[in-house]
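Enquirer: Here it is: the structure, laid out below.
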Amino acid sequence: MLRLGGLVLRPLVAINARQNVNYMQNISKVAQRRCLSQRPDTFAGPGASIAGKEEKVTPLGWFLLLIPVTTFGLGVWQTKRKAWKEQLIRDIETLTKMPPVDLPDNLDTLKDMEYRSVKVKGRFLHDIELVMGPRGFIRPDGAETQGGLFSQRDTGNGYWIVTPFQLSDRDDIILINRGWVSRKNLKPETRTAGQIPNEVELTCVVRKGEKRPQFTPDHKGDVFLYRDLPKMCAATGAQPVFLDASYQSSTPGGPIGGQTRVALRNDHLSYLITWYSLSLATAFLWYRTVLKRKPF
């Protein structure tokens, strides 16, 4: 230091050096504050908030969330459908086991009596019988042989004989599926013992008509492929009533009754497993890629 007239003069170099140090310290503090405001996850301590790490979900990300949500909803829907189908099967089984009732006077009420057993009395009109098939044979124990358009060589392949039935207590004619016959007994002359001319009393199951199934071709001449009541009634003059004769109503040498198929297809369990699995998988992918920004 230099003294000049009682004043202390510090060297200019020392003063400039101290100012430079202070200036650099100020610049460092400003830069640090800016970095902390932009990336707190880099400079913040262990107890600092990690909210800055999370980025906002884009509109596209929220839209992709619809995939797991929708598939979960479809799984819930299939769960309800499964419960409904199982209850329907139980109801049909209950109806088929109920004791038969007399055929109602108003035949229109049969529309609400499908699978109910009814008793009818009258005689068959064999000269205008119809054929429906090919069909497999349903045995009394419920087992069924294969039958259809693509199983012509199967020994269990045959046809149903649908015969108009003149009711004894009224002028109405109805249609009764007498049962199954093999292919070799399709012609009436091959089963004359079963062509009973007398009045009979039968127990039958009420059935509804059918709409044309998908991919099913047109009827082949006088052979019907499904219960097409409008055309069957037009060909025979019968009322739109279709009954399946019971196995006990079978006649020796004639069609074998009891061909009511009561089993309903129930694939809802596999459907709901599929939808729930898709929902779980897509939800995990959405969480990983959209929410956590992690690659596959």
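The values are calculated or read from the model by the stated rules, or taken from the named source; none is laboratory data. This one's a predicted model, so the numbers in the text were calculated from it and none came from an experiment. When we count neighbours, we look across all protein chains shown, and the Cβ atoms used for this are built from the backbone with ideal geometry, even at glycine. Ligands, DNA and RNA are stripped out before the accessible areas are found, and what is left, the full protein with its side chains, is counted by its heavy atoms. Shrake-Rupley method; radii C 1.70, N 1.55, O 1.52, S 1.80 Å.
Enquirer: Has region 95-110 got any residue that is within 18 Å of Arg207 (Cα to Cα), under 26 Å from the mean Cα position of the chain (by Cα) and of a type outside the set (D, E, K, R)?
Expert: Looking through region 95-110, at least one residue is within 18 Å of Arg207 (Cα to Cα), under 26 Å from the mean Cα position of the chain (by Cα) and of a type outside the set (D, E, K, R).
Enquirer: How many of the residues making up region 133-174 are open to solvent by less than 20 Å² (accessible area, probe 1.4 Å) and modelled with pLDDT of 95 or more? Explain how you work it out, then say what you get.
Expert: Initially, region 133-174 is screened for residues open to solvent by less than 20 Å² (accessible area, probe 1.4 Å), giving 133-134, 136, 138, 148, 156-158, 160-165, 167, 174.
Those left that are additionally modelled with pLDDT of 95 or more: 160-165, 167, 174.
The total comes to 8.
Enquirer: In this structure, does Val206 turn out to be over 17 Å from Glu129 (Cβ atoms) and modelled with pLDDT of 95 or more?
Expert: Answer is yes for this residue.
Enquirer: Turning to a different aspect of this structure: All but one of (1) modelled with pLDDT of 95 or more; (2) surrounded by 13 or more Cβ atoms within 10 Å (Cβ to Cβ); (3) under 26 Å from the mean Cα position of the chain (by Cα) hold for Gln259, so report the exception by its number.
Expert: So the condition that Gln259 fails would be (1).
Enquirer: Pairs, please: C-beta under 8 Å, at least 6 apart or cross-chain, first residue within 13 Å of Trp77 (Cα to Cα) and free of Cβ contacts under 8 Å to residues at least 24 places away in the same chain and in region 265-281, second part of a helix (DSSP H, G or I) and open to solvent by less than 50 Å² (accessible area, probe 1.4 Å)?
Expert: none
Enquirer: Over 25 Å from Val262 (Cβ atoms), at pLDDT below 95 and exposed (fewer than 11 other Cβ atoms within 10 Å of the Cβ): is that true of Asn185 in this structure? Explain how you work it out, then say what you get.
Expert: On the way: over 25 Å from Val262 (Cβ atoms): yes; at pLDDT below 95: yes; exposed (fewer than 11 other Cβ atoms within 10 Å of the Cβ): no.
Against the criterion (over 25 Å from Val262 (Cβ atoms), at pLDDT below 95 and exposed (fewer than 11 other Cβ atoms within 10 Å of the Cβ)), Asn185 does not qualify.
Enquirer: Taking the condition of being open to solvent by 70 Å² or more (accessible area, probe 1.4 Å) and either polar (S, T, N, Q) or without any contact (Cβ under 8 Å) to a residue 24 or more places away in the chain (or both), how many residues in region 78-90 meet it?
Expert: 4
Enquirer: Kindly establish whether Arg39 is modelled with pLDDT under 90, farther than 30 Å from Thr282 by Cβ and open to solvent by 90 Å² or more (accessible area, probe 1.4 Å). Can you show your working first?
Expert: Values: modelled with pLDDT under 90: yes; farther than 30 Å from Thr282 by Cβ: yes; open to solvent by 90 Å² or more (accessible area, probe 1.4 Å): yes.
So Arg39 passes the test.
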